[in-house]
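Visitor: My structure is below; once you've seen it, I'll send some questions.
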There are 2 protein chains.
Amino acid sequence: MIANGYYSQDVHGPYELHDIGNLELEEGGTIRGCKLAYATFGELNGAKDNAVLIPTWYSGTNKIIEQVFIGEGRALDPGKYFIVVVNQIGNGLSTSPHNTPAPAGMANFPHVRIGDDVRAQHKLLTEKFGLESLALVVGGSMGAQQTYEWAVRHPDMVKRAAPIAGTARNTLHDFLFTETLVDAITSDPGFNKGFYTSPEDVRAGLLRHAKMWAVMGWSTEFFQENRHKALGFSSLDDFVVNFMFAYFGVMDPNDLLCMAWKWQRGDVSRHTGGDLRAALGRIKAKTFVMPMSSDMFFPPADCQAEWRLIPDAEFRPIETIDGHLALFGADPGAIRQIDKNLGELLAARVPAGPL
Amino acid sequence: MIANGYYSQDVHGPYELHDIGNLELEEGGTIRGCKLAYATFGELNGAKDNAVLIPTWYSGTNKIIEQVFIGEGRALDPGKYFIVVVNQIGNGLSTSPHNTPAPAGMANFPHVRIGDDVRAQHKLLTEKFGLESLALVVGGSMGAQQTYEWAVRHPDMVKRAAPIAGTARNTLHDFLFTETLVDAITSDPGFNKGFYTSPEDVRAGLLRHAKMWAVMGWSTEFFQENRHKALGFSSLDDFVVNFMFAYFGVMDPNDLLCMAWKWQRGDVSRHTGGDLRAALGRIKAKTFVMPMSSDMFFPPADCQAEWRLIPDAEFRPIETIDGHLALFGADPGAIRQIDKNLGELLAARVPAGPL
């Protein structure tokens, strides 16, 4: 375990912790007493058919999800829906390398897959809340990976799905990009094979990681049109240090690496012997596929190719120059489009299913 | 100086060396006895109006330029044109950090700008060959940066210009991408602030640099369509190690950094107090602007925005999924398009100018 004040109720709360017991992982390891951190908004109705699940993205927690997606009068309105935001394993709030006691923590933390997260979340939702149906699963980036995994793994339970800026099976190109992020951190001598004394020992690696996010996360148009200045930064350097590094530099390196390993290997076709068409063909949810138009590593074409394989799906790209990081919510136009799409998706009638 | 058998006549020859004397640099340093390595193809005609200049890109030498662009029956046919390929300063064949004696070499090598290269090349072409006119200047990537610099700096001398996959003023986004390449090298402890004993001390940094090129240099479609396998590599790893790292890993780190610094700061608007419209408005050359359609760091939109500012220019994007590295010539379709465009450009009538 390693102290890190960033992962706290002060910064990300309020959130609850639920112990789902031991979680045996697809890769063979076990997380003992796996705790999921989650936040809920709104009330579950009597029919238990108004639940919405939102899993988190790389580096994200329930807090940014709340800020970006949830609000009165919005599509995800706590007045209408019971919204559960679940922090993914390894994100620093749920069980993660940095908050797991030795010897299982830090670089000894076992490899986790997207499927492990979905099994853990299923346990939380069924055991804790008695849910048998989800009106919607929606998530961005790694949250989209989890959304696809949910829709393929539990086709009768997931009524609607909205994968935003993410794919069902990661591409080689995206795998390689993520590998360069991993390299940025692990190549720092202060990383010490994952057994650093303090995250600050890995400051240089985290800065490189932040810069690479600045390159691939936004877009050339973002900088050409001085969006970074509009966000309150006086120069490229100022933006890289005081926005990108300020954001990522406080996080735990092993936590980021745990998520990166998982991200690289997101693949619903593991359920069907590598046959992506068969896997996506299982989805019964009405699905809106929503890439960001300027996304450099989950680009629209990759998302569109998957959309064609989903039985009841619409392709709804979000027009923005904020690239992948339009997920941060800084482009109000992108948020409006997402809200509009989610509103239409939630209004759409879906088959009753087994309930 | 540091021994490196890669930069040799065996690998890149035949090429000649020409000493242009001392080169005082825009940033204030001086290269003493600056030598330009160049290769020529074909013969200069009596009217001296059939000369074509091709400057090199980041990491490139006269050899790859010859392989990709020059040949009998092609647009750049040595039977018709006198073609001069000049290696940029810092590329390892011309004066560079690794071949400059102490104390001026290695990390003490002064900062060089695109404008310095063009002044040095102008000296070579006028002093050595007595050229007063260039039928065409054509180059890819940093070669495009030099092409733009030539066309703005010597508007009467350059009759035609073909900047391929490059811009006249580098974008913030591209600057930042290049910065991450620089970081990959300089963060290797073996780099030792530029005073390594052997390039192999920087192996890990060069491998990271190669991986980042693999991400930004090609495209997601390139990997989706298994172009790396078509090129003879069995997997992503095989491609990264035995193509990308095999290519970059033999180069001198300080040489790469010299070029990267120059690349980051390419900007013809330095001639006009930052006014890009005024700078590009000076161009008298008939110009074909040729971005690669899938280029991730000199993307078509950035090139198109500059094209609009050039008086007599056509926008001729090259359709390819090989991204920026279609410059390597592995996509025959891209090469066919480039050849066709260059053929049309060379056939176009241009104003007689002062000659």
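Visitor: Give the stretch A:61-77 a look and list any residue that's surrounded by fewer than 24 Cβ atoms within 10 Å (Cβ to Cβ) and not charged (D, E, K, R), or say none.
Guide: Selection gives A:64, A:67, A:68, A:70, A:71, A:73, A:75.
Visitor: If you go through the stretch A:154-166 one residue at a time, do you hit one that is of a type in the set (Gly, Ala, Ser), at the interface with chain B (Cβ under 8 Å from one of its Cβ atoms), under 29 Å from residue A:109 (Cα atoms) and out of contact with any Leu (no Cβ under 7 Å at 6 or more places or on another chain)?
Guide: There is no residue in the stretch A:154-166 that is of a type in the set (Gly, Ala, Ser), at the interface with chain B (Cβ under 8 Å from one of its Cβ atoms), under 29 Å from residue A:109 (Cα atoms) and out of contact with any Leu (no Cβ under 7 Å at 6 or more places or on another chain).
Visitor: Would you say residue A:278 is farther than 22 Å from residue A:219 by Cβ and in contact with a helix residue (DSSP H, G or I) (Cβ under 9 Å, 6 or more places away or on another chain)?
Guide: When the stated conditions are applied, residue A:278 passes them.
Visitor: When you check residue A:182 against the structure, is it surrounded by fewer than 24 Cβ atoms within 10 Å (Cβ to Cβ), within 14 Å of another protein chain (Cβ to nearest Cβ), touching a helix residue (DSSP H, G or I) at 6+ places or on another chain (Cβ under 6 Å) and of a type in the set (A, V, I, L, M), yes or no?
Guide: It is true that residue A:182 is surrounded by fewer than 24 Cβ atoms within 10 Å (Cβ to Cβ), within 14 Å of another protein chain (Cβ to nearest Cβ), touching a helix residue (DSSP H, G or I) at 6+ places or on another chain (Cβ under 6 Å) and of a type in the set (A, V, I, L, M).
Visitor: Every residue in the stretch A:213-223 that is closer than 11 Å to residue A:248 by Cβ and either buried (at least 24 other Cβ atoms within 10 Å of the Cβ) or away from chain B (no Cβ under 12 Å) (or both), please.
Guide: Residue satisfying the conditions is A:214 alone.
Visitor: Please determine whether any residue of the stretch B:144-154 is under 20 Å from residue B:44 (Cβ atoms), at pLDDT 95 or above and surrounded by fewer than 24 Cβ atoms within 10 Å (Cβ to Cβ).
Guide: Yes, that holds for at least one residue.
Visitor: Yes or no: residue B:259 closer than 20 Å to residue B:148 by Cα and either in contact (Cβ under 8 Å) with a residue 12 or more places away in the chain or crowded, with 22+ Cβ neighbours inside 10 Å (or both)?
Guide: Against the criterion (closer than 20 Å to residue B:148 by Cα and either in contact (Cβ under 8 Å) with a residue 12 or more places away in the chain or crowded, with 22+ Cβ neighbours inside 10 Å (or both)), residue B:259 qualifies.
Visitor: What strands (runs of 3 or more DSSP E) completely inside the stretch A:16-93 contain at least 1 residues that are touching a Pro at 6+ places or on another chain (Cβ under 9 Å)?
Guide: It comes to A:35-41, A:82-86.
Visitor: Another question, if that's okay. Looking at (1) under 20 Å from the mean Cα position of the chain (by Cα); (2) under 29 Å from residue A:346 (Cβ atoms), which is the one condition that is false for residue A:43?
Guide: The one condition residue A:43 does not meet is (1).
Visitor: Answer with yes or no whether residue A:200 is away from chain B (no Cβ under 11 Å), among the acidic types (Asp, Glu) and within 25 Å of residue A:84 (Cα to Cα).
Guide: no
Visitor: I'm trying to understand the selection: among the residues of the stretch A:276-301, which are surrounded by 23 or more Cβ atoms within 10 Å (Cβ to Cβ) and either part of a helix (DSSP H, G or I) or free of Cβ contacts under 8 Å to residues at least 60 places away in the same chain (or both)?
Guide: A:279, A:280, A:299, listed by residue number.
Visitor: Does the stretch B:237-256 contain at least one residue that is without any contact (Cβ under 8 Å) to a residue 12 or more places away in the chain, among the aromatic types (Phe, Trp, Tyr) and surrounded by fewer than 20 Cβ atoms within 10 Å (Cβ to Cβ)?
Guide: Taking every residue of the stretch B:237-256 in turn, none turns out to be without any contact (Cβ under 8 Å) to a residue 12 or more places away in the chain, among the aromatic types (Phe, Trp, Tyr) and surrounded by fewer than 20 Cβ atoms within 10 Å (Cβ to Cβ).
Visitor: Go through (1) more than 30 Å from residue A:200 (Cβ to Cβ); (2) touching a helix residue (DSSP H, G or I) at 6+ places or on another chain (Cβ under 9 Å); (3) aliphatic (A, V, I, L, M) and name the single condition residue A:106 misses.
Guide: The failed condition is (1).
Visitor: Also, I was wondering about something else. Looking at the stretch B:302-322 only, could you name the residues that are surrounded by fewer than 16 Cβ atoms within 10 Å (Cβ to Cβ) and either among the β-branched types (Val, Ile, Thr) or under 21 Å from residue A:302 (Cα atoms) (or both)?
Guide: Result: B:319, single match.
Visitor: Still on this structure, I have one more. Taking the options A:140, A:105, A:130, A:115, name whichever one is more than 14 Å from the chain's Cα centre (by Cα) and over 21 Å from residue A:199 (Cβ atoms).
Guide: The unique qualifying residue is A:130.
Visitor: Against the definition (at the interface with another protein chain (Cβ under 10 Å from one of its Cβ atoms), more than 24 Å from residue B:214 (Cα to Cα) and not hydrophobic (A, V, I, L, M, F, W, C)), how does residue A:226 come out, yes or no?
Guide: yes
Visitor: Which one of A:166, A:194, A:190 is buried (at least 24 other Cβ atoms within 10 Å of the Cβ) and touching a helix residue (DSSP H, G or I) at 6+ places or on another chain (Cβ under 9 Å)?
Guide: A:166
Visitor: Have a look at A:245, A:298, A:288 and point out the one that is assigned by TED's automatic domain parsing to the domain that holds residue A:184, at pLDDT 95 or above and within 24 Å of residue A:60 (Cβ to Cβ).
Guide: None of the others qualify; the one that does is A:245.
Visitor: Being more than 10 Å from every other protein chain (Cβ to nearest Cβ), at pLDDT 95 or above and part of a helix (DSSP H, G or I): is that true of residue B:191 here?
Guide: Judged against the criteria, residue B:191 is a match.
The values are calculated or read from the model by the stated rules, or taken from the named source; none is laboratory data. This is a predicted model, so every value here is computed, not measured. Quick reminder, even Gly has a Cβ in these numbers, built from the backbone with ideal geometry, and neighbours come from all protein chains shown.
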